[in-house]
Amino acid sequence: MLSDRALKGVQACLASCDELINGRFIFAENIIAKILQNISESEEIYNLIAKCMQNFNFDREFNRAKVKLPTKDGYFVMPESKAIVLPLVFCIFVDIRDKKLNFHEFVKDYFTSENMNEFENFANTVVVPFKEAIAYCFDLSSKHYDGQNEVVELAQAKQPSTEDNDNHQSQENFDGTGLSVLMRESDIILNQMQDELKADKKIKESLKNDLQYYILCMQDCVKKLDINNLSAYIVGLTYMSSKAHSLRFLVADLKQKLANYYTA
């Protein structure tokens with residue numbers, strides 16, 4: 001069951017999704033940035049998406065969803081599984097925010113409809129399933145679902161109770177050298193990232209600020225021996241650092257160390 005704080009965070013994200021669904025194209029990119037901010041501020045949603053991202057291939061799923069016809073307008077087919085909807089839409093939002101995906105062209109190429117305008121079609125096709133998936137995962141939806149395989153997939157991604165978290169943390173405290181070594185090495189890499197960002201004169205200031213925020217959050221996780229949130233933050237850092245070449249190898253190194261820890 002969600003705490004009051006966690007519930008407010010999830011509800012804030014759902015409200016922003018409604019704002020996008022009921023809004024206008026001209027304001028859409030600002031609202032998308034707001035949704036991503038809501039996600040970063042909600043530990044529960046962020047961890048849920050991070051869990052779904054573990055075996056997710058964005059390029060494959062994105063290209064599979066886009067249907068482009070030679071003589072007709074293209075269209076976009078959302079996957080049925082909520083375990084794919086969540087990371088797919090999250091990545092689309094990130095690419096729109098970071099200008100890697102031209103939002104105007106994307107909507108024009110794949111959401112032309114005789115029954116509604118292009119933005120309304122985008123909202124109904126992409127944003128509504130994303131919002132419903134979040135609401136469903138946190139038991140905040142009154143809509144009936146038919147209980148397909150995604151229920152099993154997403155059940156593993158739901159956040160444990162506070163008691164479970166405490167027990168899990170206690171187990172990790174006795175994990176011994178493995179966790180201690182990982183956190184010490186992670187701290188070194190994160191400090192190197194900070195140094196690289198300070199020295200990087202080509203990176204945009206707004207992107208630098210976002211990256212520094214993520215790195216600071218991850219350093220806080222290291223201090224608390226919080227392996228779960230450290231693993232969640234690396235997902236966002238990976239996407240955000242795609243335009244910061246100075247961080248590429250450091251991010252890859254940290255991801256590999258986390259992967260090695262889980263498979264050891």
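Structure data summary
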| quantity | calculated |
| --- | --- |
| Debye equation applied to the C-alpha atoms of region 167-263, log10 I(q)/I(0) at 0.23 Å⁻¹ | -1.18 |
| Relative contact order of region 167-263, defined on C-alpha pairs under 8 angstrom at six or more residues apart (%) | 35 percent |
| Proportion of all alpha-carbon pairs of region 207-246 beyond 11 Å (%) | 59 percent |
| Burial ranking of peptide ranges 196-207, 222-233 (average Cβ count within 10 Å, highest at the top) | 222-233, 196-207 |
| Residue-span extension gain [GLU120 to ASP73] - 0.36 nm each, minus C-alpha spacing | 15.3 nm |
| For a label point 7 Å along the Cα-to-beta-carbon line of PHE25, residues of region 100-119 with backbone N under 16 Å | 102-119 |
| Estimated FRET transfer efficiency when R0 is 30 angstrom, pair VAL128-HIS245 (beta carbons, to 0.05) | 0.25 |
| Length gained when the stretch TYR213-GLN37 is fully extended (0.36 nm per residue, less Cα-Cα span) | 62.2 nm |
| Cα gyration tensor of region 4-155 - equivalent ellipsoid semi-axes, whole Å, descending | 24, 18, 15 |
| Cα-projected label distance for ASP98 with GLU205, points at 7 Å along beta-carbon direction, nm | 2.2 nm |
| Nearest-0.05 FRET efficiency for ASP187 and ASP4, computed from C-beta distance (R0 30 Å) | 0.40 |
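Laboratory data are not the source of any read-out in this text; all were calculated from the coordinates shown. No experiment lies behind these values; they were computed from the predicted model shown. A quick note on method: Cβ atoms are made from the backbone with ideal geometry, for glycine too, and the neighbour counts reach across all protein chains shown.
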